[in-house]
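The values are calculated or read from the model by the stated rules, or taken from the named source; none is laboratory data. All of these numbers come straight from a predicted model, not from anything done at the bench. When we count neighbours, we look across all protein chains shown, and the Cβ atoms used for this are built from the backbone with ideal geometry, even at glycine. The accessibility values were calculated without ligands, DNA or RNA, using every heavy atom of the protein model including side chains. Shrake-Rupley method; radii C 1.70, N 1.55, O 1.52, S 1.80 Å.
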Amino acid sequence: MRARLEARIGREARKVTVSTFHGLGLGLLKRYGQHIGLRYGNLTVYTPLETDIMLRHRGEMLGMYKDGKWAKPGKRALDAFMAAVERGEDETLKDSPFAPLRTTFEAACRQNNALPYYGLIHGLVQLAEAGKVREFTSWKYLLVDEVQDLDRMQWRALDAMLEHTEGSELYAVGDISQSIYGFRGAVPEHLQSLINAGALTVYEL
């Protein structure tokens, strides 16, 4: 994408930040993560396998993982819980039997200056809602492609960046009818709500 942009407008393209949401989170957290409790410097991002190993280790400490398996309500329930954590559904998770596991898991991550993969988006949300993305960047125009496939936490990060940037503008490129990532938390209805509220001017191509 950057190469295509440079071919169109030349050196000016180098002033544009081009990134995925996770890449954006990683870059900002490496530089400014100390503002949300991370240490400056190397930041480790756990793979799904490493996250699973860490969860099992912490589960053993809590007596929730024994003899190679999870105690009731079991692994399937844990997977559903962690998926809800990733989606940012904190209000529904406080009374879960897995809440203590999450607390000790995330504490261990911070101690190791590490994040699970979903933590890149959660950390980006924290930075953005604290106004730190605005403080350390000069972005005013935000263009998001395939916007119908953003999940709840990605929208939170985007909304916070816009809120804390004076005169900011969002350019949302997408097609609600082509949303295919509902299984991983995409919320195309958020885009529709912005359109219904008159927050976006619609141009059909």
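Data table
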{"read-out": "The chain: relative contact order in percent, alpha carbon pairs under 8 Å with at least 6 residues between", "value": "19 percent"}
{"read-out": "Radius 12 Å from Cβ of residue 55, net charge of other residues (Lys, Arg +1; Asp, Glu -1)", "value": "-1"}
{"read-out": "Protection proxy ranking of 25-35, 60-70 - average other beta-carbon atoms within 10 Å, highest first", "value": "25-35, 60-70"}
{"read-out": "Heavy-atom accessible surface of the stretch 34-144: percent carbon and sulfur, 1.4 Å", "value": "52 percent"}
{"read-out": "Contour excess over end-to-end distance, with Cα ends at residue 9 and residue 89 and 0.36 nm allotted per residue", "value": "24.6 nm"}
{"read-out": "Efficiency of FRET from Cβ geometry, residue 60 and residue 110, R₀ 22 Å, rounded to 0.05", "value": "0.65"}
{"read-out": "Radius ratio Rg over Rh of the chain, counting only Cα atoms, Kirkwood formula for Rh", "value": "1.01"}
{"read-out": "For residue 150, residues with placed amide H under 5 Å, excluding near neighbours", "value": "187"}
{"read-out": "Net charge, residue 134 excluded, C-beta distance under 12 Å - Lys, Arg +1, Asp, Glu -1", "value": "-2"}
{"read-out": "For the chain: accessible area per residue (Å², 1.4 Å)", "value": "62 Å²"}
{"read-out": "Partner lysines for residue 132 [C-alpha distance under 18 Å; skip if fewer than 8 residues away on the same chain]", "value": "30, 140"}
{"read-out": "Cross-link reach list, lysines versus residue 94, counting only Cα pairs under 20 Å and skipping chain neighbours closer than eight places", "value": "72, 75"}
{"read-out": "Relative compactness, the stretch 93-205, computed as alpha-carbon Rg over 2.2 N^0.38 Å", "value": "1.24"}
{"read-out": "Total formal charge among the other residues, if their Cβ is under 15 angstrom from that of residue 13, Lys/Arg +1 and Asp/Glu -1", "value": "+4"}
